[in-house]
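Only one structure is covered here, and it is reproduced in the block below.
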Amino acid sequence: MKLTSSPKARSSLPTCLTSLGCCEDDVEIRRASGSRSSKTFKPKKNIPEGSHQYELLKHAEATLGSGNLRMAVMLPEGEDLNEWVAVNTVDFFNQINMLYGTITDFCTEESCPVMSAGPKYEYHWADGTNIKKPIKCSAPKYIDYLMTWVQDQLDDETLFPSKIGVPFPKNFMSVAKTILKRLFRVYAHIYHQHFDPVIQLQEEAHLNTSFKHFIFFVQEFNLIDRRELAPLQELIEKLTSKDR
């Protein structure tokens, strides 16, 4: 595990966020000098209709309609935590998949030669299997690796069982935490590097609501270390301060 810390400094994020440092395990982070589109970056992951997870997803969607995100992310009474985390992880994958799909024309090898979140955070990819040593690559390549890896985890019935009665593996929560940690990096890249196109596409409200929902969920169940959230910490505080 590598730990880099640095003094507070202004980043290039439009909302003037402050970078605070970050902790990594499988990748390297180094200080580095109109209308809604239905396009998705990867195929949407569907939860089988009629399954209990599908019912949980519908419950989550109905609760979100109340407008109270803090309450919407809470574990429903009598439900299994692993199943609740699994359903929401799939939902966040689909949300981020669509959000990134709207700005892929702006995220290119030329515009984003490295995967970064502002001038102080650079991510190198490794999955521990196909790519064991962290490699430096462009943002679109990194996000392609990331989303493909997440998709593979979600499609693995031994990790994300969809059939009633099939237990979750003992390492499920660890896998879910890694998935959510990595999905956060896509939010961070979009906010830091592509917020202007998001505004031009009138997607900022959608992005902010999706990210706020994501943050409330990971905070509720302590799924991402605070140091991992540092690239967007100031934004997180602004989005969540009124709901404490």
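Checking each residue in the range 194-227 for being farther than 16 Å from Y100 by Cα and either part of a loop (DSSP other than H, G, I, E, B) or among the hydrophobic types (A, V, I, L, M, F, W, C) (or both) picks out I215, F216, F217, V218, F221, N222, L223, I224, D225.
Report the residue count in the range 195-235 for those that are within 24 Å of T104 (Cα to Cα), among the β-branched types (V, I, T) and either touching a Gly at 6+ places or on another chain (Cβ under 9 Å) or buried (at least 18 other Cβ atoms within 10 Å of the Cβ) (or both). Count: 2. Looking only at residues of the range 104-114 that are within 7 Å of S138 (Cα to Cα) and out of contact with any Asp or Glu (no Cβ under 7 Å at 6 or more places or on another chain), we find that the one that is surrounded by the most Cβ atoms within 10 Å (Cβ to Cβ) is C112.
When you look at T89, is it surrounded by 15 or more Cβ atoms within 10 Å (Cβ to Cβ), within 22 Å of L239 (Cα to Cα), among the β-branched types (V, I, T) and at pLDDT below 95, yes or no? Spelling it out, it is not the case that T89 is surrounded by 15 or more Cβ atoms within 10 Å (Cβ to Cβ), within 22 Å of L239 (Cα to Cα), among the β-branched types (V, I, T) and at pLDDT below 95.
Taking the conditions (1) at positive phi; (2) among the polar types (S, T, N, Q); (3) touching a helix residue (DSSP H, G or I) at 6+ places or on another chain (Cβ under 9 Å) in turn, Q193 satisfies each one other than (1). Among the residues of the range 106-124, which ones are in contact with a helix residue (DSSP H, G or I) (Cβ under 9 Å, 6 or more places away or on another chain) and within 15 Å of A188 (Cβ to Cβ)? Passing the criteria: C107, C112, V114, M115, S116, A117, G118, P119, K120, Y121, Y123, H124.
Let's see how each residue does on (1) surrounded by fewer than 19 Cβ atoms within 10 Å (Cβ to Cβ); (2) hydroxyl-bearing (S, T, Y); (3) at pLDDT 95 or above:
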| site | (1), (2), (3) |
| --- | --- |
| K163 | yes, no, no |
| F172 | no, no, yes |
| K177 | no, no, yes |
| F184 | no, no, yes |
| Y187 | no, yes, yes |
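The values are calculated or read from the model by the stated rules, or taken from the named source; none is laboratory data. The structure displayed is predicted, hence computed values, not measured ones. Every residue, glycine among them, receives a Cβ derived from its backbone with ideal geometry; neighbour counts consider all protein chains shown.
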